[in-house]
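A.B. asks: Structure in structure tokens, see below.
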Amino acid sequence: MLAYEKVEKRFGRHEVLRGVNVEFRRGRVTALIGPNGAGKTTLVKCALGLVRPDAGRLVFDGEPIGDDPGYRRRIGYMPQIARFPENLSGAELLAMIRELRGPGVLTDEELLRSFDLSSALGKPLRTLSGGTRQKVNASLAMLFRPDLLILDEPTAGLDPLSSSILKDKVRAERERGCAVILTSHIMSELEELADDVVYLCDGVARFAGSMHDLKLHTRQFNLERAIAHIMKEHAA
Amino acid sequence: MSQPAWKVLRYQASNVLRSRWLLAYAAFFAIATDALLRWGGDPAAALLSLVNVVLLVVPLVAAVFGVMFLYDAREFTELLLAQPVSRPALFGGLYAGLALPLAGAFVVGVGAPFLFHAGADERYRAALVMLLAVGAVLTLVFTALAYLLALRSEDRVRGLGTAVGLWLLFTVVYDGIVLLLATAFADYPLERPLLAAMVANPVDLGRVLLLLRFDVAALFGYTGAVFKQFFGSALGIAVGAAGLILWAVIPALAALRVFHRKNF
């Protein structure tokens, strides 16, 4: 669904991405893992057009990503920090994004229902709690039946019930054929959801493959130890 | 304006219009105008007092409110950038959706009490329109500058500090420096450099436009006096207006350019 081909990005002197080659496939949840400052956010922002690579290219569903923003109609993005216009209501926010997506978009309001957001949507967004805003954030990302879903620390700030509702929805999206990119600091969560793993360190993908291969390759039983193994291997 | 830009503008504007700060801003001008008209003698004197209030407060609020608003809106701007909307359309909508409500709050705040007290009096109408127009254009100028600052600096404190610094420079420090230089180089022909200095300051341009209109040379300041002498009233107003409009256009285009190329 989305392929990075030798993608490079530097900010001033700092080389954040140094030739990344990875692919995110349909019907797979890919865990994007890496130490702080490894370039995870920059990598994801390249796909959204927020950051423009210095070299290399991104291919979205067979088409190189260029200046035409139309491809973003097929991407759902859930940023880590959910901050919305303070004085708009949740319903207005949804209406705004719906209008920007263009006419004739099929929406999927399942998450709005499962989170029981109907009464919260009438209130100004500034009055909502952090958790509720995060629920709006998640619902918004999945509202337009995306082909690629980018979730940045999606369960941060959610209670266990909401968190499990969200995880079930992520699985349902995968079954629908959506490609999902997931970042999280909670390894057990990634282990639960992810089919593939991309381990990013110092601006390159040190590992890209299935969860199964990762464990086989490192001879470890769980994701946390497998990643620790790669980190140690690399440091040595 | 393209369709997506218009949509962004509508939502941005309805968000800004409901901000308590914006209401306070409109109320401030309403109260100040009302008080000046009630107790400040005739409407001409009130207008003249308002000139100084407008030239100080409008740039300050546009710059500071603008910068604060933009830093608060950072994350949401990223979410909008991730939608299928081109960057220029998005910028157009966001900029206009912030600047127009600010300008509107000023126009209503000053205009409403004026129409209430002296609405029927045609002698003051042209001056009032000029005051409202200069205030509105200065709002556009300083909102555009706020955008430039907020886009160029990641650090909110620095962005805010620069905004206040810029305001101080244009409203207070600038005329002082020019006067100092003029005294220091009094033996040289200074007319043209001084004119250039004035065109380089949007607040000076606004002041000259208003005072040419009101015809009160005593309040001109140094650059303004030279300006009037050089151009005379009619041409002066045309040149001043053109300069002020350029000041609204150029920073906005510069901000658009930065917005278009920036890595968020």
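The values are calculated or read from the model by the stated rules, or taken from the named source; none is laboratory data. If you're wondering where the values come from, they're calculated on a predicted model, not measured in any experiment. Counting neighbours? That spans all protein chains shown, and the Cβs are built from the backbone with ideal geometry, glycine included.
This table checks each residue for (1) modelled with pLDDT of 85 or more; (2) charged (D, E, K, R); (3) crowded, with 20+ Cβ neighbours inside 10 Å.
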| position | (1), (2), (3) |
| --- | --- |
| B:168 | yes, no, no |
| B:172 | yes, no, no |
| B:190 | no, no, no |
| B:196 | no, no, no |
| B:208 | no, no, yes |
| B:215 | no, yes, no |
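A.B. asks: Please count how many residues of segment A:65-80 are over 22 Å from residue A:169 (Cβ atoms) and either modelled with pLDDT of 95 or more or among the hydroxyl-bearing types (Ser, Thr, Tyr) (or both).
C.D. replies: Residues in segment A:65-80 being over 22 Å from residue A:169 (Cβ atoms) and either modelled with pLDDT of 95 or more or among the hydroxyl-bearing types (Ser, Thr, Tyr) (or both): 1 in total.
A.B. asks: Let me ask another. What's the number of the only condition in (1) surrounded by fewer than 23 Cβ atoms within 10 Å (Cβ to Cβ); (2) of a type outside the set (Asp, Glu); (3) under 10 Å from the mean Cα position of the chain (by Cα) that residue A:73 fails to meet?
C.D. replies: The number of the failed condition is (3).
A.B. asks: Do you know which residues across segment A:63-74 are more than 7 Å from every other protein chain (Cβ to nearest Cβ) and touching a residue at least 40 places away in the same chain (Cβ under 8 Å)?
C.D. replies: Correct list: A:74 only.
Residue-wise test of (1) modelled with pLDDT of 90 or more; (2) within 11 Å of chain B (Cβ to nearest Cβ); (3) over 25 Å from residue B:7 (Cα atoms).
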| position | (1), (2), (3) |
| --- | --- |
| A:53 | yes, yes, yes |
| A:60 | yes, no, yes |
| A:111 | yes, no, yes |
| A:124 | yes, yes, no |
| A:131 | yes, no, yes |
| A:140 | yes, yes, no |
| A:143 | yes, no, no |
| A:147 | yes, no, no |
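A.B. asks: Say whether the condition of being surrounded by fewer than 23 Cβ atoms within 10 Å (Cβ to Cβ), closer than 19 Å to residue B:23 by Cβ, more than 12 Å from chain A (Cβ to nearest Cβ) and touching a residue at least 24 places away in the same chain (Cβ under 8 Å) is met by at least one residue in segment B:43-52.
C.D. replies: Among the residues of segment B:43-52, not one is surrounded by fewer than 23 Cβ atoms within 10 Å (Cβ to Cβ), closer than 19 Å to residue B:23 by Cβ, more than 12 Å from chain A (Cβ to nearest Cβ) and touching a residue at least 24 places away in the same chain (Cβ under 8 Å), which makes the answer no.
A.B. asks: All but one of (1) more than 17 Å from residue B:263 (Cα to Cα); (2) within 12 Å of chain B (Cβ to nearest Cβ); (3) buried (at least 19 other Cβ atoms within 10 Å of the Cβ); (4) of a type in the set (A, V, I, L, M) hold for residue A:22, so report the exception by its number.
C.D. replies: Failed condition: (2).
A.B. asks: Only one of these is within 14 Å of another protein chain (Cβ to nearest Cβ), surrounded by 15 or more Cβ atoms within 10 Å (Cβ to Cβ) and at positive phi: A:102, A:90. Name it.
C.D. replies: A:102
A.B. asks: Select from segment A:3-19 the residues that are more than 14 Å from chain B (Cβ to nearest Cβ) and touching a helix residue (DSSP H, G or I) at 6+ places or on another chain (Cβ under 9 Å) and list them in ascending order.
C.D. replies: The one that is more than 14 Å from chain B (Cβ to nearest Cβ) and touching a helix residue (DSSP H, G or I) at 6+ places or on another chain (Cβ under 9 Å): A:4.
A.B. asks: Looking at residue B:93 and the list (1) buried (at least 23 other Cβ atoms within 10 Å of the Cβ); (2) closer than 28 Å to residue A:99 by Cβ; (3) in contact with a Gly (Cβ under 8 Å, 6 or more places away or on another chain), which single condition is not satisfied?
C.D. replies: Residue B:93 satisfies every listed condition except (3).
Conditions (1) more than 15 Å from residue B:55 (Cβ to Cβ); (2) more than 14 Å from every other protein chain (Cβ to nearest Cβ); (3) modelled with pLDDT under 95, marked per residue:
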{"residue": "B:102", "(1), (2), (3)": "yes, yes, no"}
{"residue": "B:113", "(1), (2), (3)": "yes, yes, yes"}
{"residue": "B:124", "(1), (2), (3)": "yes, yes, yes"}
{"residue": "B:127", "(1), (2), (3)": "no, yes, yes"}
{"residue": "B:138", "(1), (2), (3)": "no, yes, no"}
{"residue": "B:142", "(1), (2), (3)": "no, yes, no"}
{"residue": "B:145", "(1), (2), (3)": "yes, yes, no"}
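A.B. asks: Now a separate question. Which residue pairs have Cβ atoms closer than 9 Å, lie 6 or more positions apart in sequence or on different chains, and pair a first residue in segment B:1-29 that is facing chain A (nearest Cβ under 10 Å) with a second residue that is surrounded by fewer than 19 Cβ atoms within 10 Å (Cβ to Cβ) and aliphatic (A, V, I, L, M)?
C.D. replies: B:11/A:95; B:17/B:23
A.B. asks: Also, quick follow-up: Could you tell me whether residue A:42 is crowded, with 21+ Cβ neighbours inside 10 Å, more than 7 Å from chain B (Cβ to nearest Cβ) and modelled with pLDDT under 95?
C.D. replies: Details: crowded, with 21+ Cβ neighbours inside 10 Å: yes; more than 7 Å from chain B (Cβ to nearest Cβ): yes; modelled with pLDDT under 95: yes.
So residue A:42 fits the description; yes.
A.B. asks: Let me ask something additional. On the given criteria, is residue A:37 without any contact (Cβ under 8 Å) to a residue 60 or more places away in the chain, closer than 24 Å to residue B:262 by Cα and either in contact with a Pro (Cβ under 8 Å, 6 or more places away or on another chain) or assigned to a helix (DSSP H, G or I) (or both)? Give the steps one after another, and end with the answer.
C.D. replies: On the way: without any contact (Cβ under 8 Å) to a residue 60 or more places away in the chain: yes; closer than 24 Å to residue B:262 by Cα: yes; either in contact with a Pro (Cβ under 8 Å, 6 or more places away or on another chain) or assigned to a helix (DSSP H, G or I) (or both): no.
In short, no.
A.B. asks: Looking only at segment A:81-109, filter to residues that are out of contact with any Pro (no Cβ under 8 Å at 6 or more places or on another chain) and modelled with pLDDT under 90; which one of those is nearest to residue A:130 (Cα to Cα)?
C.D. replies: Among residues in segment A:81-109 that are out of contact with any Pro (no Cβ under 8 Å at 6 or more places or on another chain) and modelled with pLDDT under 90, the one nearest to residue A:130 (Cα to Cα) is A:82.
A.B. asks: Restricting to segment B:230-264, count the residues that are loosely packed, with under 14 Cβ neighbours inside 10 Å and either away from chain A (no Cβ under 14 Å) or under 16 Å from residue B:206 (Cβ atoms) (or both).
C.D. replies: 9
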